[in-house]
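The values are calculated or read from the model by the stated rules, or taken from the named source; none is laboratory data. Everything numeric here is computed off the predicted structure, so don't read it as measured data. Quick reminder, even Gly has a Cβ in these numbers, built from the backbone with ideal geometry, and neighbours come from all protein chains shown.
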Amino acid sequence: MHGIARLGSAAMLFGLALALTFIPLTATSRPSQEGNAPSSAADDAVPAYHAQTPKGDLPETMKPESFPDPLVQNAYAVAARIKKTLYQQPCYCHCDRSKGHASLLDCFASEHGSGCGTCIYEDFYSYEQVHKGKTAGQIREGIIKGAWKSVDATKYRQPLLAR
């Protein structure tokens, strides 16, 4: 009888320890954006960006040839062409929180942009809008509204012609 009580106590302690292991994971995960899940004001806040054109030199973007994927190469090539615009754009992967980025340009001054679809699509969106004559402020409005999600990235899977 004493052995059964011990076994029951051990099982209960093991179960409690297992449950406590998962609490930090669920406590730090973000709520789903689907359905009626509530979102906090911090989740809805516009990520960091610079409202004005840069006053000095901007950081260099990484070299496109540093990456094997043509889509990523094109993203970095495009970013190098529109650095002043990207400097004035927020990035909705929220790398301002996780990486300390101050604008979308920072994503392409580092390797971060190479592995982030949000950064890449916002970059291509910005590039397309610049070629339509949009200002950085107008492009930012589009990014905030989520217009970057409609970019057709298939045309960027082949090397871009020098423009």
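Could you count how many residues in the range 129-153 are under 21 Å from PHE67 (Cβ atoms), modelled with pLDDT of 95 or more and either among the hydroxyl-bearing types (Ser, Thr, Tyr) or assigned to a helix (DSSP H, G or I) (or both)? The total comes to 1.
Okay, residues lined up against (1) over 16 Å from SER110 (Cα atoms); (2) surrounded by 13 or more Cβ atoms within 10 Å (Cβ to Cβ); (3) touching a Leu at 6+ places or on another chain (Cβ under 9 Å):
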residue	(1), (2), (3)
TYR49	yes, yes, yes
THR53	yes, no, no
PRO64	no, yes, no
PRO68	no, no, no
ASN74	no, yes, yes
VAL78	no, yes, yes
TYR87	no, yes, yes
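Among the residues of the range 114-141, those that are more than 14 Å from CYS93 (Cβ to Cβ), crowded, with 18+ Cβ neighbours inside 10 Å and small (Gly, Ala, Ser) comprise SER126, ALA136.
Note on the range 97-113: residues that are crowded, with 21+ Cβ neighbours inside 10 Å and not in a loop (DSSP other than H, G, I, E, B) amount to 5.
Residues that are β-branched (Val, Ile, Thr) and at pLDDT below 90 number at least 3 in the following helices (runs of 4 or more DSSP H) confined to the range 1-96: 2-28. Sub-6 Å Cβ pairs linking a first residue in the range 122-141 that is free of Cβ contacts under 8 Å to residues at least 60 places away in the same chain to a second residue that is surrounded by fewer than 21 Cβ atoms within 10 Å (Cβ to Cβ), at least 6 apart or interchain, are PHE124/VAL151; TYR125/VAL151, ordered by first then second residue.
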